[in-house]
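Undergrad: Sharing a structure with you now.
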Amino acid sequence: MRVPKPAPRPDRVSLWRYLRLFREDILSAQPARLYRAWMAEFRTPFFRSYMCNDPALVRRVLQERPDDFPKSDRVREGLAPLLGQSVFVTNGEMWKRQRRIIDPAFEGGRLRDTFPAMWAAGEAAVARMGTGLVEVEEFASHAAADVIFRTLFSIPIEDRDATAVFHAFRAYQRTQPILNLAAFVPLPRWLPRGFRRGTRAAAAEIRRLITAMTARRAAEIAAGTAPDDLATKIMVTADPVTGERFETEEMVDQVAIFFLAGHETSASALGWALWLLAAHPEVQEAVAAEAAGMVPEFSALSRLKLTRDVFRETLRLFPPVPMMVRETTCPEDFRGRAVKPGAQVVLSSWHLGRHERIWSDPDGFDPARWGREETKAAARDGWLPFSAGPRVCTGAGFAMAEGVLLLAMLARAFRFEVVEGRVPVPVAHLTVRAKDGIWLRVTRRGGEI
Ligand code: HEM
């Protein structure tokens, strides 16, 4: 079955049509030639924007000189009501200090500590999965939110506060088309930013709930009664350079981004992975067989080789964060073109993942490619779902463990089938989602578990 791809727009459209399309969905606002081009320049009256698919340029921006290509202030402004000074939006010294405090909590050894909580979330997801016709995106959001609450704060999603945060985030995301536009397009400052009614209120409600959780945890740490989870680890870690720890307010900013970056993205990947398995029953059966003998130990993950390749292939075809945006701060030469400071640089994991000059059969689902030698070079140049360089996703290892584990646990308990006439259409809002959800027919497997 063909893997869904958004219909591209015609090559030439007016700026206003482009902005309108962009607001609806960044993916279908782009022309088909971007799957072949190494670079594309967009000229508008307000800004110049360069989409860079050339691997050497991507490396320059993310790995070789990341300090010269910071995130734009406008991205921070667009997300400020919710994220404040979170590590996702800060730059320079502040960002470096935040990473020094956060990164140790996500290192390999620490990841092992979160495994029991992830496993428990997987069991809860298996228990929650319905049979018959099921919309699996909503299901995946629930499961991924559960993983975050259990690993960060040692509480399941059924907890009253966790449920309240989850619902407040959903209310916030209903305002996302505006957020999308405000966050990615550097419109001039005199244009009204137009937060949709309710955005600020929803953000304030989320922050109120997270602040209460964080303050409670600070009190538990002081009393010596705090559980040893990710929140505690981050809150007790001192910056090795300055000796500072996060104050409650700054920790709230980080919790907000862990929740947003950590559950929306993982949910998107899990939803698409389930659809891909449903569309490729022979792969699904092999994944179920691989998962059949799985035991609740961290080391079990390393034996789920096919499941891992399925998840990697899912992230190539449907990277949850489809594009990343940076800004030039000094004159640059991009493939012979002079680029001024203040230009927008767009790195598209979506286009790189399906780039015709990087991958063979770019739109095909082929988990076996991950065992082939040629994939090494393609992956180095075109597999960017977690970004790269010092600003790489903090939760990459966590997300790979979570995604592989949940997929394996679900595939060994259930059989998923596509529903005729319901091929999901990818659209990019905060993450890559299906336009009308991902509907699958779900039956329980007998005997195997
Ligand atoms: C499949 C799941 C995930 C994907 C595809 C993903 C992808 C990404 C990408 C592409 C970025 C870079 C964005 C940019 O530079 O503009 C990023 C950053 C980030 N991610 Fe993830 N992420 C995932 C899961 C997680 C999880 C589970 C967590 C935490 C629990 C997390 C925390 C973060 C944070 C804190 C940043 C900001 C890092 C920085 O700017 O220094 N992510 N993620």
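Undergrad: Just the number please: accessible area per residue for the chain, 1.4 Å probe, all protein chains included, in Å².
TA: 41
Undergrad: Where the accessible area of the stretch 117-176 is counted over protein heavy atoms with a 1.4 Å probe, how much of it, in %, is carbon and sulfur?
TA: Heavy-atom surface of the stretch 117-176 belonging to carbon and sulfur, 1.4 Å probe: 54 percent.
Undergrad: Equivalent-ellipsoid semi-axes (√(5λ), Cα gyration tensor) for the stretch 325-449, whole Å, largest first?
TA: Computed over the stretch 325-449, the values are 36, 18, 16 Å.
Undergrad: Another one. Amide H to amide H under 5 Å from L27: which residues, 5+ apart in sequence or cross-chain, H placed 1.01 Å off N in plane?
TA: A428
Undergrad: Got a number for carbon plus sulfur as a percent of the stretch 371-428's accessible area, 1.4 Å probe?
TA: About 55 percent, which is the carbon plus sulfur part of the accessible surface.
Undergrad: Here is a further query. Report relative contact order for the chain in percent, whole number only (criteria: Cα-Cα under 8 Å, sequence separation at least 6).
TA: 26
Undergrad: Additional query: Taking H as built 1.01 Å from N, whose amide H comes closer than 5 Å to the amide H of R48, not counting residues under 5 places away?
TA: Amide H to amide H, under 5 Å and 5 or more residues apart or across chains, R48 pairs with Q344.
Undergrad: Ok, one more. Explain nothing, just compute: Karplus ³J(HN,Hα) = 6.51 cos²θ - 1.76 cosθ + 1.60, θ = phi - 60°, for every residue of the stretch 299-313 in order, whole Hz, x for Gly and Pro.
TA: 5, 4, 4, 5, 8, 8, 5, 5, 4, 5, 5, 5, 5, 4, 5
Undergrad: Here is a follow-up. Of W439, W275, which has the most accessible area with a 1.4 Å probe, and how do the rest follow in descending order?
TA: W439, W275
Undergrad: Need the C-alpha centroid separation for the stretch 225-276 versus the stretch 118-139, integer Å.
TA: If you average the Cα positions of each part, the centres end up 23 Å apart.
Undergrad: For a quick check: with amide H placed at 1.01 Å from N, whose amide H comes under 5 Å from F334's, ignoring anything fewer than 5 positions away on the same chain?
TA: V339
Undergrad: Return the whole-Å distance between the Cα centroid of the stretch 375-422 and the Cα centroid of the stretch 325-360.
TA: Result: 24 Å between the Cα centres.
Undergrad: Report the far tail of the P(r) of the stretch 78-178, meaning the percent of Cα-Cα pairs longer than 24 Å.
TA: The calculated P(r) of the stretch 78-178 puts 40 percent of pairs beyond 24 Å.
Undergrad: Separate question: For the chain, report the translational diffusion coefficient in µm²/s to the nearest whole number, using Stokes-Einstein at 20 °C, 1.002 mPa s, and a Kirkwood Rh over Cα pairs.
TA: Calculated translational D: 95 µm²/s.
Undergrad: What ranking, highest mean first, results for peptides 283-292, 218-227, 401-410 when packing means the other Cβ atoms within 10 Å averaged over each residue?
TA: 401-410, 283-292, 218-227
Undergrad: How large a share of the accessible area of the stretch 296-364, in percent, is made up of carbon and sulfur atoms when the probe is 1.4 Å and the other protein chains stay in place?
TA: 52
The values are calculated or read from the model by the stated rules, or taken from the named source; none is laboratory data. Just so it is clear, the structure is predicted and the values come from calculations on it, not from any experiment. Neighbour counts run over all protein chains shown; Cβ positions are idealised from the backbone, glycine included. Protein only, heavy atoms only, side chains kept; ligands, DNA and RNA dropped before computing areas. Shrake-Rupley method; radii C 1.70, N 1.55, O 1.52, S 1.80 Å.
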